[in-house]
Structure formats: structure tokens, C-alpha cells
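Worksheet for the structure shown next.
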Amino acid sequence: MSSQVFHLPLLVRVAGTHGGDDFDKFENWHDIAEFVAKRPDAIYYVIEYIDYRSTDDLYRKYRMIFYQR
């Protein structure tokens with residue numbers, strides 16, 4: 001059995017939500033506990049935050065769509 005260790009900051013969201021609701025970035029465990037306490041029966045996605053800003057200090061998101069006929 002392997003154990004996973006999460007390092008702060010973390011991104012936490014309720015599974016099945018994608019619109020930004022029930023989603024936040026957390027810098028400490030106390031705030032995560034408060035967030036989860038609001039919906040203790042929910043399932044959560046938890047990932048480590050990675051700062052991927054470009055050298056101009058802006059974030060970019062690219063989507064690629066491939067269509068084949």
C-alpha cells in the first residue's frame with residue numbers, strides 16, 4: 001500500500017462540478033477543513049497547485065480540438 005502526500009497549496013473542488021462553484025485554492029489545512037465541513041458527504045478532487053504563469057506573469061489556457069472525418 002502506497003501513501004500519497006499532498007503539499008500546499010492545494011486546489012480542492014467537489015467532484016462533478018466544473019463551473020468554478022465549490023472550488024478554491026487553499027494555502028492551509030484549516031481552510032480546507034472548513035470547506036469540506038460545508039459538504040461532508042461530497043466527494044472531492046484534490047490536486048497540488050502548480051504555478052504555470054508565463055514570464056510575462058500571465059496565465060494562458062489552450063484548448064486543442066482534433067476532428068477527423
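Values quoted throughout were computed directly from the atomic coordinates according to the rules given, and no laboratory measurement underlies them. These numbers come from a predicted model, not from an experiment. When we count neighbours, we look across all protein chains shown, and the Cβ atoms used for this are built from the backbone with ideal geometry, even at glycine.
Could you point to the residue in Val5, Tyr44, Gly19 farthest towards the positive end of the chain's charge dipole, with +1 and -1 charges on the Cβ of Lys/Arg and Asp/Glu respectively?
Gly19
Using only the C-alpha atoms of the chain, find the volume of their convex hull and express it per residue in Å³.
Details: hull volume 13.7 nm³, N = 69.
Value for the chain: 199 Å³ per residue.
Using only helices, what value at 222 nm comes out for the chain when you add -39,500 (n - 2.57) per DSSP H run of length 4 or more and divide by the total residues, to the nearest 500 deg cm²/dmol? Before the final figure, lay out the partial values.
Values: 1 runs with 9 residues, N = 69.
Only helices count here, giving -3500 deg cm²/dmol.
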